[in-house]
Structure formats: structure tokens, C-alpha cells
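The values are calculated or read from the model by the stated rules, or taken from the named source; none is laboratory data. Being a predicted model, the structure only gives us computed values, none of them experimental. Counting neighbours? That spans all protein chains shown, and the Cβs are built from the backbone with ideal geometry, glycine included.
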Amino acid sequence: MKAVVLYKTCKLEELNVSEVSIPEVKPGWILIKVKAFGLNRSELMMREFEGNASYITLPRILGIECVGEIANVSDSRFIKGQRVIALMGGMGRSFNGSYAEYTLVPSKNVFSVNNYYEWEELGAIPETYYTAWGSVMDCLQLKPEDILIVRGGTSAAGLAAIQLAESIGTTVLASTRSEVKRTFLLKQGADHVLIDNGTLRDQVLSIYPRGANKILELVGASTLLDSAGLLSHHGIVCVTGILGKKGTLDNFYPIKDLPSGVYLAGFSSNSPSQSVIDDIFEHMHKHNLHPAISKVFSLDEIGQAHALMESNTANGKVIVRI
């Protein structure tokens, strides 16, 4: 089969398709014929530098999510040919992932789907919408009366969060570093667009003098404390992304650094379940939600796909269709 194997950390021009054996099925694991997958920042980081970490063993087929059909059910409850999604659980990191024509995944990380989406659209949903859903619906416990700031609004997870929030009537302020993306974010459902140029606090307080009561922090540790300062009393900031490529906060002193009476939460997408996946697709169907897709590539164009995502100009999920 064709697969994108990371033999060593490399530049995107060095990312090529190889010929490897189709994985052999084993108990507790399911073979999926991959139809499409979305790109994620963690895969770019793996290619650029994380592949050198002591907890990563190379070579490794990249890819933390995919959509496709069951090719071999193994000892699972699934049916051959059934439409499924797969995500997380070590895909593309501790075992080979989805940048391939076939992938072998633990059955606990495979979930059935029964919906009307084409493969390209379906490929834009698993990790992105699971992350957005867990962040805003669970951690932030979003309600229609809330005022939500999505920091990193033009990212795929940010766009999904805006969409989910707008679908229940929540007021959404979305941030971007680029003025040219203002119109795009308004079309995606944001009520207000904030330009992240160092004056974010002034912009927020000019609209809502008491601040927002919910913040989805997708930039990460580099802007966390700044975001916490935008919250009203008893507001919540949920840290989910690391668009700023900084995952930790140096010399963090919670009593001093966090404003009194605000709450800090975090969401990790490592534990998906069939019931939550069902809830997401039911909600999307009910509200006729469709993911924002930037561009669809072939597997042979994986370097171009990484280049687009790396450029920060994608405006939606970057998809590879097999």
C-alpha cells in the first residue's frame, strides 16, 4: 500500500509517499480502508521536531485521525464495509497512523457513523469537532446566554467552535492576527471579530465592559494569562490548543497570575467515546452544520498539504482524499 512514512524529522519538501506492507490484523485491532483524513498541527510538529523526542519511535506513519470503511473486522462488533471514523489513542505516534491507504487501529478508537456527509466533509470532522465539542460543550458548559471568546478563531478547531456556539445562540467573539480574515470569520458565524495585535483587552472591554464569561484558548500557554484577564468574575478559560507552539507556562504562579474568581480548565481529546461521537453528529445533523474545508489534496500531494497548513492561510480544514 501507499503510505507517508516519517523516517526522520524533515522539511515538508522531504515528505514523500512510500510503498509498505498492508498491516496484519491482530486481536483488538481493526483494519480500516482509509477514504480521507484531515491534517492536524500535531502532525506538523511531529515532522518538524517531535519525532526526535525520546518517547517517539521512528519510522512512523503519520496521522492521528481518519474516515473510511472496515476492511477486516478482526474480533470486533463492526461489519465489513461499515463507515467509521478513527482518532487518537496513539494513532501516528505510538503506532502507525492514517497517512496511508490502510490503517490498523485499536477497536476502542474506532466509531461507527451513519450520516449524509461525503468522504471529504466527513474527513474534516473527527478530531476537529470532537475537540471543539469537548471544549465548549463540556469544559466550558456553553449556554445561549454566554459571551464566548474563541482565541485562534481561524484554526479548524476555532471555526468548529464558532459554528457550535452559534448553533445554540451564544454570542461569539473570534480573534485573528489578520485584518483580512475579519469578513471570513463574520461569515462563519462570529458576532464580533477581534484583531490580536496587542490591544485585545481594549477591544473586548469596548464591547463588553465586564469582559467575556467563557474563553476557548487555542493559541496556548503563550497567551493564556492574557486571555484570563479578559474574563468576567467566575468566568472560565479552557486551554485546548497550542497554535503558538508553546505547551507549557514557565514560572506559573496561579495565586498571583490568575485573576481572583476565574476558573482554568483544559481539554484533551485522548478519550473519545461512541456516545459523544453520536451526540456530535446528531447536533450537526439537527442544525445542518458543515465543516469549513480549505482544500482537498491527494496522498501524493502530502507535502503541498503540509505547506498550506504551515502557511496559516488555510481558512478551514486541510483534507487528503484517498
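Exactly one residue among L159, L164, L216, L140 is of a type outside the set (D, E, K, R), touching a residue at least 60 places away in the same chain (Cβ under 8 Å) and touching a Lys or Arg at 6+ places or on another chain (Cβ under 6 Å), and that residue is L140. Of the residues making up the stretch 224-267, those that are polar (S, T, N, Q) and crowded, with 21+ Cβ neighbours inside 10 Å are S227, T240.
Checking L58, L62 one by one, the residue that is crowded, with 23+ Cβ neighbours inside 10 Å, over 15 Å from the mean Cα position of the chain (by Cα) and over 18 Å from W29 (Cβ atoms) is L62 and no other. Note on the stretch 132-162: residues that are out of contact with any Phe, Trp or Tyr (no Cβ under 9 Å at 6 or more places or on another chain) and among the polar types (S, T, N, Q) total 2. Taking the stretch 167-186 as the range and being over 26 Å from F37 (Cβ atoms) and surrounded by fewer than 21 Cβ atoms within 10 Å (Cβ to Cβ) as the test, the residues that pass are I168, G169, T171, R177, S178, E179, V180, R182, T183, L186. Against the test of being of a type in the set (D, E, K, R), over 22 Å from the mean Cα position of the chain (by Cα) and either in a strand (DSSP E or B) or surrounded by fewer than 17 Cβ atoms within 10 Å (Cβ to Cβ) (or both), the options K80, K35 yield a single qualifying residue, K80.
Let's see how each residue does on (1) small (G, A, S); (2) touching a strand residue (DSSP E or B) at 6+ places or on another chain (Cβ under 6 Å); (3) without any contact (Cβ under 8 Å) to a residue 60 or more places away in the chain:
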{"residue": "I280", "(1), (2), (3)": "no, no, no"}
{"residue": "K286", "(1), (2), (3)": "no, no, yes"}
{"residue": "H290", "(1), (2), (3)": "no, no, no"}
{"residue": "E301", "(1), (2), (3)": "no, no, yes"}
{"residue": "R321", "(1), (2), (3)": "no, yes, no"}
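Residues of the stretch 304-321 that are at pLDDT below 95 and touching a helix residue (DSSP H, G or I) at 6+ places or on another chain (Cβ under 7 Å): M309, E310, A314, N315, G316.
Meeting the requirement of 1 or more residues that are more than 26 Å from D202 (Cβ to Cβ), in the same structural domain as V17 (by TED's automatic domain parsing) and more than 14 Å from the chain's Cα centre (by Cα), the helices (runs of 4 or more DSSP H) wholly within the stretch 218-319 are 302-310.
For the stretch 189-217, give me each residue that is within 26 Å of the chain's Cα centre (by Cα) and among the polar types (S, T, N, Q). Those that are within 26 Å of the chain's Cα centre (by Cα) and among the polar types (S, T, N, Q): N197, N213.
Counting only residues that are surrounded by 20 or more Cβ atoms within 10 Å (Cβ to Cβ) and either more than 16 Å from the chain's Cα centre (by Cα) or of a type in the set (S, T, N, Q) (or both), the stretch 117-145 holds 5 of them. Could we say that I207 is over 28 Å from N270 (Cα atoms) and either in contact (Cβ under 8 Å) with a residue 24 or more places away in the chain or not assigned by TED's automatic domain parsing to the domain that holds E145 (or both) here? Against the criterion (over 28 Å from N270 (Cα atoms) and either in contact (Cβ under 8 Å) with a residue 24 or more places away in the chain or not assigned by TED's automatic domain parsing to the domain that holds E145 (or both)), I207 qualifies.
Here L243 meets the list (1) under 17 Å from A161 (Cβ atoms); (2) in contact with a Phe, Trp or Tyr (Cβ under 8 Å, 6 or more places away or on another chain) almost entirely, failing just condition (2).
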